[in-house]
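Please treat every number below as a calculation from the coordinates, not as lab data. Quick caveat, the model's predicted, so the values are computed rather than measured. Glycine gets a Cβ as well: all are built from the backbone with ideal geometry, and neighbour counts include every protein chain shown.
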Amino acid sequence: MRTTVIVYALVCLFAACMPLLGIYPVFGMKLLCFAIFACAFNLLLGFGGMLSFGHAAFFGSAAYATSRLVTAHGWGTMPALLAGAVVAALLGLLIGALAIRRRGIYFAMITLAMAQLVYFVCLEAPFTGGENGLQGVPRGQLLGVVDLKSDVAMYYLVLAMAVAVFVFIRRIVNSPFGQILMAIRENEPRMISLGYEINRYKLLAFVLSATLAGLAGALKALVLGFATLADVVQETSGEVILMTLLGGSATFLGPVLGAALVVTLQEYLFDVVGDWVTVIIGAVFAICVLVFRRGIVGELAAWRVLARRR
Amino acid sequence: MTEILGVPVAVILGQLMLGLVNGSFYALLSLGLAVIFGLGGVVNFAHGAFYALGAFTALLGMQWFGLNYWAALLVAPLVVGLLGMLCQQLLLRRLAGLDPLYGLLLTFGLALVIQGSLHQLFGASGQSYPVPAALTGAINLHFMFLPRYRAWVIVAAVATSGTVWYVIERTRLGATLRAARENGPLLQAFGVNVPLIVAATFGGGVALAALAGVLSAPLVLVSSEMGTSLVVVVFAVVVIGGMGSILGAIVTGLALGVIEGFTKVLYPEASNVVVFVVMALVLILRPAGLFGKE
């Protein structure tokens with residue numbers, strides 16, 4: 001328990017000081033957006049035991065919705081962010097209701113296929129800008145006071161949101177709902193026989209996860225100023241799986257660490273090896289699945305438990 | 001000529017034939033997936049990557065060694081199938097007994113490695129592969145001129161799928177394969193080399209993907225991305241048909257190609273997504289899939 005508090009404090013301190021340490025704030029914000037995305041994904045995979053291969057659909061649709069509302073309809077920053085999350089929630093309700101009809105690998109394939117459908121809609125719909133996407137999305141002002149054009153101001157807004165999402169997910173997992181969700185993950189037939197309507201729990205978990213993934217996508221669109229097809233493609237769905245798996249699914253800090261590692265890897269490795277980065281990401285994926293399925297944080301935790309027993 | 005819904009019948013029949021060609025690819029690919037899953041218990045996300053590898057083997061074989069199309073039809077599935085066996089032995093074997101989701105994730109990583117490498121080594125732009133001389137020209141079906149090569153694709157795909165179905169469901173070899181899935185240790189006790197069988201079924205399924213790749217090479221541009229979105233469509237086909245059934249995979253694949261062709265006539269904008277819409281409908285009406293046994 002004490003270690004956990006110390007680790008959290010250190011992570012928060014580091015995140016709060018990041019702009020002062022000379023780390024490019026836009027990079028920091030991108031990292032935080034993907035950390036939110038991975039935490040949202042982990043709620044479904046780690047605690048709900050459901051592997052979605054289509055989370056880019058929620059991330060991307062919210063990015064498009066927020067961008068569109070800000071650029072074409074002049075919405076404010078906060079309402080547009082919320083609207084993006086709501087769009088993702090509705091989409092999550094639709095796709096989730098279909099996907100929870102099957103389990104395991106079929107669940108993964110259904111989410112993948114539905115996300116591909118969303119991708120084609122984004123490719124061809126008139127309001128998404130096709131191949132170009134939506135460019136030049138202004139960040140606007142926070143509550144009419146703080147100008148978010150400043151990278152530092154925007155950074156602290158994104159950080160505040162990330163911390164809020166993190167605390168929210170912890171709260172969900174530690175609530176009776178979260179406990180039931182994990183029980184369903186462990187033994188579905190038993191929970192059915194105990195009288196729980198498991199589909200309602202699964203669907204709620206799916207919608208919550210989609211909503212928060214949407215928030216991440218909406219934030220990312222504001223941070224970088226664009227929403228493109230790259231936000232909805234299957235590679236993005238794969239990346240968030242890798243982040244979660246690499247850091248450690250079913251842990252709280254794992255997805256944050258995983259997102260930080262993958263985003264950093266992509267950013268810096270791209271300068272060195274160019275497009276070979278896809279191959280490296282694929283290889284990391286395979287190694288992760290073969291060698292440490294619990295992820296970095298998961299393995300560390302397991303190792304600590306072992307060490308304490310000795 | 002007569003019209004249906006304001007569309008000339010000739011156009012409809014023409015699109016249906018082209019749909020059947022696409023359906024042939026769906027059938028071959030979903031058959032390969034069904035073999036790998038049904039007999040090996042792995043969901044192969046790298047199926048699209050192996051499909052692209054098959055096409056590349058044909059292309060590079062021709063460029064480097066002057067390998068002709070007919071030889072490529074044999075060589076590419078063999079080479080890619082052996083590569084598949086290697087992947088199974090080195091990587092997938094280690095996941096035996098775990099949740100099949102891990103196999104899905106591992107093969108996803110594998111797909112990224114294969115596609116990324118092809119992209120880096122042979123460029124992003126696609127390369128064309130010539131139609132073999134014996135299959136140029138077209139057949140007059142009276143309602144359309146069907147390119148001879150496309151007719152060949154349908155024949156080859158149906159013949160191959162039929163053979164695979166027969167071997168697995170009706171022969172002694174097929175019975176052994178199914179027994180290996182049903183109860184591996186027991187079969188091994190009878191002196192059968194079960195690990196070899198598991199590797200060979202994976203190789204066989206992958207070889208089917210490679211064969212589809214060679215068949216498609218003269219029709220599309222050969223590129224590293226050629227299988228990326230195809231594999232998602234084939235997954236949807238598999239969800240619709242139910243993955244346990246070999247015959248289901250073949251029939252569903254062909255049928256969806258035809259449905260897609262039909263959509264191209266009536267509402268072209270939806271032709272990319274119609275398979276996914278059908279999948280959603282099937283999930284609502286019959287969650288286990290059309291041929292599923294759940």
Check: Measuring from the lowest to the highest alpha carbon on each principal axis, how far does segment A:25-233 reach, largest first, in angstroms?
Finding: 54, 36, 25
Notebook entry, point to check: So how compact is segment B:135-294: Cα radius of gyration and Dmax in angstrom?
Noted result: 18.5, 60
Check: If you bin every alpha carbon distance in the protein assembly as shown into 20 Å steps from zero, what whole percent lands in each bin?
Finding: 19, 52, 26, 3, 0
Checklist line | Value of relative contact order over segment A:25-233, rounded to a whole percent, pairs C-alpha under 8 Å and six or more apart | finding: 47 percent
Next item on the list: Using only the alpha carbon atoms of segment A:218-310, find the Kirkwood hydrodynamic radius as the inverse mean reciprocal pair distance, in angstroms to one decimal.
Entry: 14.5 Å
Next item on the list: For B:Trp64 and B:Ile139, compute 0.36 nm times the residue count separating them, minus their Cα-Cα distance, and round to one decimal in nm.
Entry: 23.7 nm
Check: Starting at 0 and stepping by 10 Å, how many percent of the alpha carbon pairs of segment A:1-91 end up in each bin?
Finding: 14, 31, 34, 19, 2
Check: Taking the Cα centre of chain A as origin and charging only Cβ (+1 Lys, Arg; -1 Asp, Glu), how large is the dipole, in debye to the nearest 20?
Finding: 1300 debye
Notebook entry, point to check: Once a ≥ b ≥ c are taken as the square roots of the eigenvalues of the Cα gyration tensor of segment A:213-272, is the result rounded (a/c under 1.5), prolate (a/b larger than b/c) or oblate (a/b not larger than b/c)?
Noted result: oblate
Check: Any idea what log10 I(q)/I(0) is at q = 0.17 Å⁻¹ for segment B:152-244, Debye with uniform C-alpha scatterers and no solvent?
Finding: -0.92
Note to self: So if I take the centroid of the Cα atoms in segment A:219-238 and the same for segment A:129-191, what is the distance between those two points in Å?
What the structure shows: 15 Å
Next item on the list: Based on other C-beta atoms within 10 Å, arrange B:Val194, A:Val70 from fewest to most.
Entry: B:Val194, A:Val70
Checklist line | Of B:Gly244, B:Gly54, B:Gly123, the one that fluctuates the most in a GNM where chain B has Cα springs shorter than 10 Å | finding: B:Gly123
Notebook entry, point to check: If you average 1/r over every pair of different alpha-carbon atoms in segment B:1-118 and take one over that average, what Kirkwood value in Å do you get?
Noted result: 16.6 Å
Checklist line | Nearest-20 debye value, segment B:3-285 charge dipole, Cβ charges on Lys, Arg, Asp, Glu | finding: 520 debye
Next item on the list: Send over the Kirkwood Rh of segment B:193-277, from the inverse of the averaged 1/r over different Cα pairs, rounded to one decimal Å.
Entry: 14.7 Å
Check: Which of B:Gly123, B:Leu104, B:Thr263 sits closest to the plus end of the dipole of chain B, meaning its Cα is farthest towards the positive end, when Lys and Arg get +1 and Asp and Glu get -1 on the C-beta?
Finding: B:Leu104
Notebook entry, point to check: Any idea what angle helix B:246-266 forms with the longest principal axis of chain B, computed on alpha-carbon atoms, 0 to 90 degrees, nearest 10?
Noted result: 30 degrees
Next item on the list: Would you mind checking the radius of gyration and Dmax of segment B:3-285 based on alpha-carbon positions, in Å?
Entry: 19.1, 65
Check: In peptide B:265-277, what is the residue-averaged number of other protein chain Cβ atoms found within 10 Å of each Cβ?
Finding: 3
Note to self: Contact order normalised by length for segment B:3-285, with contacts defined as Cα pairs under 8 Å and 6 or more residues apart; what percent is it?
What the structure shows: 42 percent
Notebook entry, point to check: Shape of segment A:134-282 from its Cα gyration tensor (a ≥ b ≥ c, root eigenvalues): rounded if a/c is under 1.5, otherwise prolate when a/b > b/c, or oblate?
Noted result: oblate
Notebook entry, point to check: Along the charge dipole of segment B:151-277, Cβ charges K/R +1 and D/E -1, which of B:Leu247, B:Leu230, B:Phe190 sits furthest on the positive end?
Noted result: B:Phe190
Check: Pick from B:Leu82, B:Leu20, B:Leu60: which is most flexible by mean-square fluctuation in a GNM of chain B where alpha carbon atoms under 10 Å apart are linked?
Finding: B:Leu60
Next item on the list: Calculate the length of the line joining the C-alpha centroid of segment A:58-104 to that of segment B:165-204, in whole Å.
Entry: 47 Å
Notebook entry, point to check: So for the pair B:Ala288, B:Glu169, with labels modelled 7 Å out along Cα→Cβ, what separation do we get in nm?
Noted result: 1.7 nm
Next item on the list: Calculate for chain A the 222 nm mean residue ellipticity that helices alone would give, adding -39,500 (n - 2.57) per DSSP H run of length 4 or more and normalising by residue count, nearest 500 deg cm²/dmol.
Entry: -25000 deg cm²/dmol
Notebook entry, point to check: Computed FRET efficiency, Cβ-Cβ of B:Glu3 and A:Asn199, R0 51 Å: what is it to the nearest 0.05?
Noted result: 0.65
Note to self: Defining a contact as two alpha carbons under 8 Å apart and six or more residues distant in sequence, what relative contact order in percent does segment A:1-132 show?
What the structure shows: 24 percent
Next item on the list: Kindly put A:His55, A:His73 in sequence by how many other C-beta atoms sit within 10 Å of each C-beta, fewest to most.
Entry: A:His73, A:His55
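Starting with the fewest neighbours, write out A:Asp231, A:Asp147, A:Asp271 ranked by other beta-carbon atoms found within 10 Å of each beta-carbon.
The fewest-first ordering by Cβ neighbours comes to A:Asp271, A:Asp147, A:Asp231.
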Notebook entry, point to check: Of A:Met191, A:Met50, A:Met29, which has the largest mean-square fluctuation in a 10 Å C-alpha GNM of chain A?
Noted result: A:Met191
Notebook entry, point to check: Points 7 angstrom from Cα along the Cβ direction at A:Val291 and A:Ala164: gap in nanometres?
Noted result: 4.0 nm
Next item on the list: Round to a whole angstrom and tell me the spacing of the C-alpha centers of segment A:266-310 and segment B:111-162.
Entry: 39 Å
Notebook entry, point to check: What base-10 log of the normalised intensity I(q)/I(0) is obtained for segment A:116-197 from the Debye formula, alpha carbons as equal point scatterers, at q = 0.19 Å⁻¹?
Noted result: -0.88
Margin query: What FRET efficiency comes out for A:Gln266 versus A:Ala16 if R0 is 35 angstrom and r is the Cβ-Cβ distance? Round to the nearest 0.05.
Written below: 0.90
Next item on the list: Work out the FRET efficiency for B:Gln188 and B:Ala71 from their Cβ-Cβ distance, taking R0 = 35 Å, and round it to the nearest 0.05.
Entry: 0.40
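Would you calculate, for chain B, the mean residue ellipticity at 222 nm contributed by helices, counting each DSSP H stretch of 4 or more residues as -39,500 (n - 2.57) and dividing by all residues, to the nearest 500?
Result for chain B, helices only: -24000 deg cm²/dmol.
Once you charge only the Cβ atoms, +1 for Lys and Arg and -1 for Asp and Glu, what is the size of the charge dipole of segment B:126-259 about its Cα centre, to the nearest 20 debye?
Values: 6 positive and 3 negative charges, 48 e Å.
The calculated dipole for segment B:126-259 is roughly 220 debye.
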Check: When N counts the residues of segment B:169-222, how does its alpha-carbon radius of gyration compare numerically with 2.2 N^0.38 Å, as a ratio?
Finding: 1.53
